[in-house]
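Presented below is the structure to which this report refers.
The values are calculated or read from the model by the stated rules, or taken from the named source; none is laboratory data. Just so it is clear, the structure is predicted and the values come from calculations on it, not from any experiment. Glycine also receives a Cβ, built like all others from the backbone with ideal geometry; neighbour counts cover every protein chain displayed.
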Amino acid sequence: MRTMKKILFILLLFTGAMGRLQAQDLSRYEKHWFIQYGDTMPYRILLPKDFNPVKQYPLVFFLHGRGESGTDNEKQLVHGATIFLRDSVREQFPAIVVFPQCPANDYWSNVQAVAVGAKNGKRDFYFVKDGDPTDAMRLLVSLVGNIMERYPVNKQQVYVMGLSMGGMGTFELVRRMPGLFAAAAPICGGAHPATALSLKNTHWWIFHGDKDDVVLPVYSAQMAAALQQVGAKVQFTRYPNANHNSWDPAFAEPGLLPWLFAQKKRK
């Protein structure tokens, strides 16, 4: 009995230490707030290990999903942030990584949603092929320019990733800043297929779960087909057993980061 108590005590200490370690790791993402015309966008930024201000680095933007919206400058790190904190990643792929946060009353893209049966019921999404950006997208575009100006960025290696709402935002951000992004990796997102022509100069790796009943996989499938039709470099990975959390197997793809950082801007 005494031995069992000792084991449980050690396990509790280990769990607490791991929790503190994770919190300490996430604190490496510095807190910043981008302000323009009275609007504010929180964001977290991770600089490379042994950051050298005279050296140029790849730049990665990561757009969170709806559930991580807000103004706390914390929740946007829930998914994806720990990947870039791995020692092996920081050694092999030194990069500037930015996690902006979308307000809860806004959206990355100007997609339209129709709820069926109840206000919070199942939604169908209708992607807009043009039109004005949301306030969040407008601030995001400005933030991208601001980061590019203030930090030593390798302009041939600017990337964007995103999941769910952020996957939709990934497509739209590339469309609104054509020619900037070398590669993009939208997870369980979507966009209007008619926008594919303006996205063709970016390399794409699209992910979706076949069992996704929140954002239907057909949205990604349509975009993959449209991008292929206009001659874009695109690969599409579907997970037969994944629902909306297809970011879990996507993040586990051993080739994801090597593929991302190998891409250079197409001329």
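Could you grab the pairs with beta carbons closer than 7 Å, sequence gap of 6+ or different chains, first residue in segment 243-267 and under 16 Å from residue 81 (Cα atoms), second one surrounded by fewer than 19 Cβ atoms within 10 Å (Cβ to Cβ) and of a type in the set (Val, Ile, Thr)?
Cβ pairs passing all conditions: 251/83; 257/89.
Look through segment 221-248, keep the residues that are more than 17 Å from residue 200 (Cβ to Cβ) and under 17 Å from the mean Cα position of the chain (by Cα), and return whichever of them is surrounded by the most Cβ atoms within 10 Å (Cβ to Cβ).
246
Considering only segment 35-47, state which residues are surrounded by fewer than 20 Cβ atoms within 10 Å (Cβ to Cβ) and under 18 Å from the mean Cα position of the chain (by Cα).
Result: 45, 47.
Looking only at segment 158-180, how many residues end up being outside any helix (DSSP H, G or I) and among the hydroxyl-bearing types (Ser, Thr, Tyr)?
The qualifying residues number 2.
Can you name the number of the only condition in (1) within 21 Å of residue 84 (Cα to Cα); (2) of a type in the set (A, V, I, L, M, F, W, C); (3) without any contact (Cβ under 8 Å) to a residue 40 or more places away in the chain that residue 221 fails?
For residue 221, the failing item is (1).
Does residue 89 fit the bill of being modelled with pLDDT of 95 or more, of a type in the set (Val, Ile, Thr), within 30 Å of residue 127 (Cα to Cα) and surrounded by 11 or more Cβ atoms within 10 Å (Cβ to Cβ)?
Criteria not met by residue 89.
For segment 40-80, what are the residues that are within 21 Å of residue 172 (Cβ to Cβ) and aromatic (Phe, Trp, Tyr)?
43, 61, 62
Quick one: is residue 76 in contact (Cβ under 8 Å) with a residue 40 or more places away in the chain and not in a loop (DSSP other than H, G, I, E, B)?
No, not satisfied.
So residue 114 fits all but one of (1) modelled with pLDDT of 95 or more; (2) part of a strand (DSSP E or B); what number is the exception?
Among (1) modelled with pLDDT of 95 or more; (2) part of a strand (DSSP E or B), residue 114 violates only (1).
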